[in-house]
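Read through the structure below, which is laid out as structure tokens, and then see the notes.
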Amino acid sequence: MAVNHGSSESYLKSGFANRMGWGQRPALLIIDVCTAYWSPSSPLSLLGNPDAEKAPDSMRRLLKAARAGNVPVVWSQVEYSHPDMADAGLFWRKAKVLDVWKAGDPRGLAACLEGLEPSKGDTVVVKKYASAFFGTSLASSLQVMNVDTLVICGVSTSGCVRATTLDAMQHGFRPMVVASACGDRTPEIQKANLFDLDSKYADVVAEEDALENLSKGW
């Protein structure tokens with residue numbers, strides 16, 4: 001799936017945007033999906049961007065295909081337990097919005113979305129920073145499962161999806177980012193980040209491609 005951008009031709013001529021291609025053993029990675037991104041009262045709300053509003057439905061279809069194909073499903077979640085957010089480190093200095101994930105926060109914005117909840121047997125990694133690999137056991141868990149490809153979806157595209165995708169590639173997993181199943185605040189931010197990921201670090205793929213590869217399993 002090509003991500004069209006004003007710089008597409010220039011990037012192609014320079015040697016970017018080649019295809020990694022699918023491996024043989026995919027896992028589905030669902031990044032940070034929670035009420036905070038689809039609640040009008042939330043400081044993280046993506047409502048107002050039509051594509052982001054539809055992203056959870058795309059994620060549900062991916063999850064259904066992964067279940068049907070008996071493909072490993074991995075979730076990343078965020079949680080901070082220190083009373084003054086010390087476990088968020090310098091990230092807290094930059095983004096005060098992180099307190100939506102403070103344990104016990106009365107707003108309840110960290111709650112799962114309906115139909116996008118971990119099941120028994122899934123892998124759940126709890127993180128403090130943008131990448132689902134940083135400070136977690138994700139890489140070793142994927143290696144133990146013999147995964148070679150990560151089908152990546154979630155939020156936000158410019159933040160945790162981007163950081164996780166970069167680390168996936170650097171750890172030797174083929175990142176397949178499903179455009180329709182990722183969300184960000186504006187179409188411009190979404191498009192720019194998908195273009196950059198597809199140019200350098202991942203294959204941005206259509207939902208149909210991901211559904212086919214997940215449903216057929218290993």
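The values are calculated or read from the model by the stated rules, or taken from the named source; none is laboratory data. The structure displayed is predicted, hence computed values, not measured ones. Here Cβ is always computed from backbone atoms with ideal geometry, including for glycine, and neighbour counts include all displayed protein chains. Each accessible area value is taken on the protein alone, full model and side chains, heavy atoms only, with ligands, DNA and RNA left out. Shrake-Rupley method; radii C 1.70, N 1.55, O 1.52, S 1.80 Å.
Given the alternatives [x] 85, 56, 39; [y] 48, 45, 27; [z] 49, 40, 29, Cα extents along the principal axes in Å as computed for this entry is given by [z].
Each semi-axis of the equivalent ellipsoid for region 74-180 is √(5λ) with λ an eigenvalue of the Cα gyration tensor; in descending order they amount to 24, 16, 14 Å. When you work out D = kT/(6 pi eta Rh) for region 13-111 at 10 °C and 1.306 mPa s, using the Kirkwood radius from C-alpha pairs as Rh and the Stokes-Einstein form, the result is 98 µm²/s. Using the rule -39500 (n - 2.57) for each DSSP H run of four or more residues, divided by the residues of the chain, the 222 nm mean residue ellipticity is -9500 deg cm²/dmol.
Shape class for region 11-55, computed from the alpha carbon gyration tensor (a ≥ b ≥ c): oblate, with a/c not under 1.5 and a/b at or below b/c. Amide H to amide H under 5 Å from residue 107: which residues, 5+ apart in sequence or cross-chain, H placed 1.01 Å off N in plane? Counting only residues 5 or more places away or on other chains, the set is empty.
Across the chain, the relative contact order, built from alpha-carbon pairs under 8 Å that are at least six residues apart, equals 33 percent. Charged neighbours of residue 36, selected by a Cβ distance under 11 Å, balance to -2 (K, R count +1; D, E count -1). For the chain, modelled as a GNM whose springs connect Cα atoms under 10 angstrom apart, the maximal fluctuation among 150, 98, 197 occurs at 98. Averaging the Cα positions of each part gives two centres, and for region 1-63 and region 159-218 these lie 5 Å apart.
Between residue 91 and residue 13, the FRET efficiency from the beta-carbon distance, with R0 = 35 Å, is close to 0.40.
Heavy-atom surface analysis with a 1.4 Å probe gives region 92-217 a carbon and sulfur content of 52 percent of its accessible area. Taking every DSSP bridge with both residues inside the chain, close to 5 percent are antiparallel.
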